[in-house]
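Following: one structure in structure tokens, then a few remarks.
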Amino acid sequence: MIYKLKNGMELLIRQTEIQDANKLIEFFNIVDRETKFLAREPSEFDKTQSEEEEIIEKNLKNKNEIHLLGFIGDELVGQCSANRVKDRLRFRHRANFAIMIKQAFTGLGIGGKLMREIISWCEENDIEQIELDVVSTNTRAINFYKSFGFTIVGEIPNALKYLDGTYADELIMICQIKNNK
Ligand SMILES: CC(C)(COP(=O)(O)OP(=O)(O)OC[C@H]1O[C@@H](n2cnc3c(N)ncnc32)[C@H](O)[C@@H]1OP(=O)(O)O)[C@@H](O)C(=O)NCCC(=O)NCCS
């Protein structure tokens, strides 16, 4: 799907394809260094192109997950994903969610467009509840999630430990999709 952004640029959102492996590696290496709010240290992302291609191929075959990319021209500017928490009848109504936008492209509405597409996929796949963890000081993301109806339902103290020995708490946020229509 193609969208017009606030600044007039066009954003293309589509599913991740195998040929995106290299761009995705480059993207993760940039975004991991731009923020301390993500789930790994920059040095921990070490996938080769063929490993990344295998991951994408496996993801594409898995009906319980979706991976979307946002492009402006040829540049990969955002990525998000959702996956069922478990493929068991009692858990099939729940999905985990993750999103990252390149710093220079935040605040343009890209995250919102990606989130809307994820919500549509969840609706089409009988997912009723989207769940995520967010670092408690990541105010921008928390406000972003709240604007989609996510509420804070819990907190994990010292959820992340950084290399310098400091910690960060995480909030657990949930969105009931039925309330989002
Ligand atoms: C958090 C993040 C995904 C938001 O994406 P984005 O593209 O910047 O957000 P959008 O421009 O689509 O904003 C959508 C809505 O969220 C809300 N929002 C976004 N930033 C906000 C802020 N700083 N304060 C208040 N509300 C905000 C607004 O309601 C906004 O609606 P509007 O466009 O009508 O003003 C993005 O900033 C990001 O990837 N950050 C770095 C990585 C990260 O922290 N990922 C989340 C880890 S849990």
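The values are calculated or read from the model by the stated rules, or taken from the named source; none is laboratory data. As the structure is a prediction and not an experimental result, all values here were calculated from the model. All Cβ positions, even for glycine, are placed from backbone atoms using ideal geometry, and neighbour counts span all protein chains on display. Just the protein is used for accessible areas: all its heavy atoms, side chains included, with ligands, DNA and RNA removed. Shrake-Rupley method; radii C 1.70, N 1.55, O 1.52, S 1.80 Å.
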query = Taking region 162-181 as the search range and keeping residues that are more than 16 Å from the ligand (Cβ to nearest atom) and among the polar types (S, T, N, Q), which one is farthest from I99 (Cα to Cα)?
reply = T166
task = Test E131 against the criterion of being away from the ligand (no atom under 11 Å from the Cβ), assigned to a strand (DSSP E or B), of a type in the set (D, E, K, R) and surrounded by fewer than 20 Cβ atoms within 10 Å (Cβ to Cβ), and give yes or no.
result = yes
task = Only residues in region 48-62 that are open to solvent by less than 80 Å² (accessible area, probe 1.4 Å) count as the first member; pair them with residues that are charged (D, E, K, R) and in a helix (DSSP H, G or I), Cβ under 8 angstrom, at least 6 apart or cross-chain, and list the lot.
result = I56/D20
remark   = L108 meets each of (1) within 16 Å of the ligand (Cβ to nearest atom); (2) outside any strand (DSSP E or B); (3) open to solvent by less than 20 Å² (accessible area, probe 1.4 Å); (4) not small (G, A, S) with one exception, condition (3)
task = Being modelled with pLDDT of 95 or more and open to solvent by 40 Å² or more (accessible area, probe 1.4 Å) is the filter here, so list the residues in region 165-181 that pass it.
result = T166, Y167, D169, I172, Q176
inquiry  = Any residue in region 89-115 that is under 13 Å from I130 (Cβ atoms) sitting within a Cβ distance under 7 Å of a residue that is of a type in the set (G, A, S) and within 8 Å of the ligand (Cβ to nearest atom)? List the pairs, counting only those 6 or more apart or interchain.
reply    = I99/G111; L114/G78
ask   = Going by the structure shown, is F91 open to solvent by 30 Å² or more (accessible area, probe 1.4 Å) and of a type in the set (F, W, Y)?
value = yes
request  = Please specify each residue of region 20-47 satisfying the condition of being part of a helix (DSSP H, G or I) and either touching a residue at least 40 places away in the same chain (Cβ under 8 Å) or among the hydrophobic types (A, V, I, L, M, F, W, C) (or both).
outcome  = D20, A21, K23, L24, I25, E26, F27, F28, I30, V31, E34
inquiry  = Quick check on region 111-127: of everything there that is outside any helix (DSSP H, G or I) and surrounded by 15 or more Cβ atoms within 10 Å (Cβ to Cβ), which residue is nearest to the ligand (Cβ to nearest atom)?
reply    = I127
message = Looking only at region 134-161, count every residue that is open to solvent by less than 30 Å² (accessible area, probe 1.4 Å) and either within 8 Å of the ligand (Cβ to nearest atom) or within 14 Å of the chain's Cα centre (by Cα) (or both) and tell me the total.
response = 7
